[in-house]
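This report refers to the structure that appears directly beneath it.
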Amino acid sequence: MQDITSAIQIIPLEHYVFLCVTLFSIGLLGVLFRRNTIIILMCIELMFNSVNLLVAAFSAYHSDPAGQVFVFFIMIVAAAEVAVGLSILVMMKRNVDSVDINLLNRLKW
Amino acid sequence: MTFLFYLLSAIMVISALMVVSTRSPINSVLALIVCFIAMAGHYILLNAQFLAVVHLIVYTGAIMVLFLFVIMLLNLNKVTIPTKTSVTRISAVITGGLFFLVMVAATRLTFEIHPRYPFTNQIGLVSEVGKTLFKEFLLPFEVSSVLFISAMIGAIMFGKKDESKKL
């Protein structure tokens, strides 16, 4: 327990920021890069989680328990989003028999 | 301890890159599970034990299993979808890299921590999080259950077979 406390004090907060920015960029890259809808959903999860980790890190460095509750709420919203997103994916597979995101381009123009 | 931080960070970044780069969706899900377990390790390093356990249960235990079930039930593991055009892929890489550069440049020197509370390592424990959750955030906690109900109903309505309307 004492070691864990010193870990918060040793590692600078900037390193958490860099890590989370890196993960968020990878998630953004995946959303733009892939055509498979299920992988796009997973990249959105990755972006959610990088932001979650950053909020938790700020909360730990500020010794403020409200940040941890915010992370909890973000997890709730992410779970609801995944449930709806996956059901949309199932409906898309059923209707157009593919999970290619480029087939759903009618709202694009 | 510092070594553990960098080890977990390297595992996370490498597995996140594997999520984006592998062809098969099953491999992407497995790489994302590795990434999430490493993230639970990060939560433990931050002494956020409640969040670590909730993260393992919710993400690795529920959401990723849901992804795997959808992939297996819909038989999506065949690699049939072509990749995007090379112009789109190059511009996607440029966009991601530019976003990374801008965020790093914007956040590089801006953090001066002036904590409002005296330093303690007890905030991530279940009792502290529970006290905050059920005292200050009781109403949002109850409202989130309404959000869950509506998400469940929405998922069921989307998932129902509708023969009359074809896309």
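Bear in mind that the values in this text are calculations on the coordinates, not laboratory data. The structure presented is a predicted model; accordingly, all values stated were derived computationally and were not measured. When we count neighbours, we look across all protein chains shown, and the Cβ atoms used for this are built from the backbone with ideal geometry, even at glycine.
Some values worked out for this structure:
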read-out: Residue-averaged beta-carbon neighbours from other chains (10 angstrom radius) around A:37-50; value: 5
read-out: Dipole of the protein assembly as shown, positive end: most advanced residue of B:L32, A:V96, A:S25 [Cβ charges, Cα centre]; value: A:V96
read-out: Dipole in debye (nearest 20) - the protein assembly as shown, about Cα centre, beta carbon charges: Lys, Arg +1; Asp, Glu -1; value: 1160 debye
read-out: Spatially proximal lysines relative to B:K161 (Cα-Cα < 27 Å; intrachain offsets below 8 disregarded); value: A:K93, A:K108, B:K78
read-out: Test item: Cα-centred dipole of chain A, Lys/Arg +1 and Asp/Glu -1 on Cβ, debye; value: 620 debye
